[in-house]
Amino acid sequence: MATDQKVGRQTFDEVMVPCYAPMQIIPVKGKGARVWDQDDREYIDFAGGIAVSCLGHCHPAMVSALKEQGEKIWHLSNVMTNEPALRLAKKLTEVSFAEKVFFANSGAEANEAALKLARRYAADKFGPEKDEIIAFKQGFHGRTFFTVTVGGQAAYSDGFGPKPQAVTHLPYNDLEALAAHISDRTCAVMMEPLQGEGGIVSPTKEFIQGVRELCDKHNALLVFDEVQTGNGRTGEFYAYQGLGVTPDILSTAKSLGGGFPIGAMLTTTELAQHLKVGTHGSTYGGNPLACAVAEAVVDEVSKPEVLAGVKEREQWFRDGIEKINAQYPIFAEVRGKGLLLGAALNEAWQGRARDVLLAAGEEGLMVLVAGTNVVRFTPSLVIEKSDVEEGMARLERAIAKLYNQ
Ligand SMILES: *Cc1c(COP(=O)(O)O)cnc(C)c1O
């Protein structure tokens, strides 16, 4: 057996690169919205692995897709195509504006493909001077050097030598700043249609529609990073569908695999043709196992009752948080949409989001933070009402303890 070695949290410090600071617990088993650690302690999961486990843990549809494909064929590389990838690509074109799909293994890689396509398209069609990428402060697009440079936090991209050039950052939700800066040199505007890591910030209607208009005016492509917002998270299959604005390129990952690594870039036939044979690629991209699982996820999540259920669950969460806040007022507001929610701490509690996360962990509840002032909730899209109620009871105990300290 592969379990001949006993490992614990201290093993992390011994053998892992210290770029993470994981919690003390090590979960070993999950079912639906519940997780158990090495000591068989049970947790309710309001985090979903950072908006990934959209059908909860070990959903039967995903398990059977994985097992079935696992007995057939695991890998081919892109020298050949494969059935799960073709079926998944077809389905993604059915649930979105897209006509063409490129598969990658993560959100960052999907964004990397999106940025390279935008640059290549602009160079082919308008010439090499049209290279500027505009993105937004506090935005997050992944950790490859190009995507982290486009992301809006210099702290994440500093210290690695010369950065990819011609990247501009502007404030989110500030249409005037964009109008003042965008020009015919701009090749693309990349944005999240609801900032996740940046603190759960929704775009205003005027902003998002204005961005589209300015892109059109300057022949710039609009790239939506839907890595966190996609696959049902906001109650639409993709968030853009609830905003009345369609991008030219969309990246998707996280919930797309429901826990199996996969990412994809979606676009139109007209744009896709600029990535000719040999211009881009990935060994594992479109891997049959990943695509088989993602196909099962897309089949489940695109059901109208699942998408409607997200909106219903949003209300359960908002009500639960309001109720706790009425007794222990630590939050100023609840932001976000669907099951991508952020409870922003009030003045008196600034900087203490991680304290809430740790206190919740002690009560047997997994939540997330987004920055230092927002407690983030990104649970399974099919979480049961009883799990939400029990989780809220645990959150209340955690907050009561902090409040009465
Ligand atoms: C998580 C995230 C990414 C990066 O995805 P990885 O799979 O970690 O590479 C990119 N963009 C957004 C909006 C994200 O939330």
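Some notes on this structure:
- A simple count of charges around VAL28, restricted to other residues whose Cβ falls under 11 Å of its Cβ and scoring Lys, Arg +1 and Asp, Glu -1, yields -1.
- In plain terms, the bigger the Kirkwood radius, the slower the diffusion; for region 73-301, with that radius from Cα pairs, at 10 °C and 1.306 mPa s, Stokes-Einstein puts D at 90 µm²/s.
- Helix axis angle, 83-94 relative to the chain longest principal axis, alpha carbon, degrees: 80 degrees
- Ranking TRP36, GLY391, ALA326 by how far each Cα lies toward the positive end of the dipole of the chain (charges on Cβ) leaves TRP36 at the top.
- Cα gyration tensor, region 146-204 - rounded (a/c under 1.5), prolate or oblate: oblate
- Based on C-alpha pairs under 8 angstrom that are at least 6 apart in sequence, region 73-301 has a relative contact order of 30 percent.
- The charge dipole of the chain, taken about its Cα centre with unit charges on the Cβ atoms of Lys, Arg (+1), Asp and Glu (-1) only, comes to about 340 debye.
- Against the chain, whose longest principal axis is taken from its Cα atoms, helix 304-327 shows a tilt of about 50°.
- Rounded to the nearest 10 Å², the accessible area of LYS29 at probe 1.4 Å: 110 Å²
- Dipole axis of the chain (+1 Lys, Arg; -1 Asp, Glu on Cβ), positive-most option in GLY235, ALA360, PHE102: PHE102
- Qualifying chymotrypsin sites (Phe, Trp or Tyr not before Pro) in region 133-186, DSSP loop, other Cβ atoms within 10 Å at most 12: PHE160
- Between VAL375, VAL388, VAL95, the residue with the greatest mean-square fluctuation in the GNM of the chain (Cα pairs under 10 Å linked by springs) is VAL95.
- Cα gyration tensor shape for region 135-261, rounded if a/c is under 1.5, else prolate or oblate: oblate
- Pairwise centroid distance, computed over Cα atoms, of region 102-140 with region 2-51, Å: 35 Å
- Helix 353-362 axis versus longest C-alpha principal axis of the chain: approximately 50°, rounded to the nearest ten.
- Separation of region 198-230 and region 316-342, taken as the distance between their Cα centroids, equals 26 angstrom.
- Per atom type, the chain shows carbon and sulfur on 54% of its accessible surface, probed at 1.4 Å.
- Comparing LEU266, LEU340, LEU170 in a Gaussian network model of the chain where C-alpha atoms under 10 Å apart are linked, the largest mean-square fluctuation is found at LEU170.
- Modelled this way, with points 7 Å down the Cα-to-C-beta line, the labels at GLU362 and ARG185 are 5.4 nm from one another.
- Volume of the Cα convex hull of the chain, divided per residue and given in Å³: 155 Å³
- Highest average packing first - 196-207, 41-52, Cβ atoms within 10 Å: 41-52, 196-207
- Neighbours of ARG87, meaning other residues whose beta-carbon lies under 12 angstrom from its beta-carbon, give a summed charge of -2 when Lys and Arg score +1 and Asp and Glu score -1.
- Per residue accessible area in Å² of the chain, where ligands, DNA and RNA are left out and the probe is 1.4 Å: 45 Å²
- Selected from PRO261, GLY196, LEU222, residue furthest toward positive end of dipole (region 73-301; charges at beta carbon): PRO261
- Sum of side-chain charges, THR267 neighbourhood, beta-carbon under 11 Å (Lys, Arg +1; Asp, Glu -1): -2
The values are calculated or read from the model by the stated rules, or taken from the named source; none is laboratory data. If you're wondering where the values come from, they're calculated on a predicted model, not measured in any experiment. Ideal geometry is used to build each Cβ from the backbone, glycine not excepted, and the neighbour counts take in all protein chains shown. Keep in mind that these areas ignore ligands, DNA and RNA; they rest on the heavy atoms of the full protein, side chains included. Shrake-Rupley method; radii C 1.70, N 1.55, O 1.52, S 1.80 Å.
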